[in-house]
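Heads up, the thing below is written out as structure tokens.
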Amino acid sequence: MKIAMMVAGQFPIPQPQNIVYAPMDIAAYISEELVKRGHTVHFYAPTGSRVKASKIISGNLSPLDKVIKKFEKNADFCKIFSLWDQYLISLIFKNHKKEKYDLIHIHPVDRALPFALENFDVPVVYTLHDPIYSWRAKIFNLFSSKNQYYVPISNAQKKPAPELNYLKTIYNGIKLEEFPFSEKSGDYLLFVGRIMKEKGVAEAVQIAKKLNEKLLIIGPTSKDNYWNKKIKPYLGKKIKYIGYVPRKKLFRYYRNAKAFLFPLQWDEPFGLTMTESMACGTPVIAYNRGSIPEIIRNGKNGFVVKNLKEMIVAIKNIEKINRKECRSSVEAQFSFKTMADNYEKEFLKIIRKNND
């Protein structure tokens, strides 16, 4: 196969510190594994990117985070973000005329749809990383064509728009060697992720406070009103904010936690932090939103709960979870090799169909 792949124009790969953007890790894993299997991958990314691909193509595009401070204060940053991505996407379709890609794999779906409509001869696959809100479902249908396919990262993600041209659900995978298992736990609860309302950080803080438990909070924050009102006032000896931790060092916190708290306030499309935690042996307790029941087997590798009251009960019963069961569930379903297997199979299927 000869594949063009693109995930973001804003940042180089790997992304800078304090930037958490799981699609970049996922795209890099897929590229690495496909190249290892003998396929050709042209990875489109801004200058300075380092990813295992057959070729990295930047089109001399500087990462947006390197130049954005030079722009006017009244610049329309939402449009700038989109145009930075669209520049790389336009290069893919321009180069397709000479490279003759078998397939184009793009992650920022919203910004690529118009280009695919002008290039019916090549299959375009989008991995969906966000919930399919009603406005997004409307746009997807307006731009639909037979050469465009969507990869959901959970079955729950498809529910708002079941009529789209979906491929098989492919769960995000992790490199298991980066998350070593520990059969023993420490004495603290853990939250890892972006510090934002949707992730339920404030709820995790309130739960720890009610139980007088230790809670470690890890992840980038913009120090906005949510942080200042819901998180910062409760920090102290029991509830601590660690800050940003590079992904390869997260295992130190995962493996020593007794439970990972995920009291979500939105329909989570997947949630890599859950599988990372379980790979280290730490069970996850999460609200029943979005992908949660597909990842957590209630009572086996964690608990699926409805509300704060049930989460408190689950924390008190966390020792009933076998930490080995947490690890084995990730090994069975959520390794990056399993993810790459599924992408390879789906890509080959589409290419054969396109060539018939």
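Read-outs throughout are calculated quantities, based only on the coordinates presented, and are distinct from any laboratory measurement. Since this is a predicted model, take the numbers as computed values, not measurements. Positions of Cβ are generated from backbone atoms using ideal geometry, with glycine treated the same way; all protein chains shown enter the neighbour counts.
Brief remarks follow.
- Across all directions, the average flat footprint of the convex hull enclosing the Cα atoms of the chain is 18.0 nm².
- Residues 270, 77, 336, sorted so that the one with the fewest Cβ neighbours within 10 Å comes first: 77, 336, 270
- With contacts taken as Cα pairs under 8 Å and at least 6 residues apart, the chain reaches a relative contact order of 15 percent.
- Comparing mean-square fluctuations of 186, 302, 290 from a GNM of the chain with C-alpha springs under 10 Å, the top value falls on 186.
- 14 Å tail of the calculated P(r), the stretch 165-246, as % of Cα pairs: 69
- One decimal place: the segment residue 141-residue 47 gains 30.5 nm when fully extended, by the rule 0.36 nm per residue minus the C-alpha distance.
- Within a Gaussian network of the chain (alpha carbon springs, distance under 10 Å), most fluctuating of 298, 256, 317: 317
- Computed extension gain for residue 226 through residue 168, at 0.36 nm per residue and net of the alpha carbon distance, reaches 17.2 nm.
- Rounded to the nearest 10 degrees, the angle from helix 336-355 to the longest Cα principal axis of the chain is 30 degrees.
- For the peptides 57-70, 90-103, the ranking by packing is 90-103, 57-70, with the highest mean count of neighbouring Cβ atoms within 10 Å listed first.
- Radius of gyration and Dmax over the Cα atoms of the stretch 176-333, both given in Å: 14.1, 41
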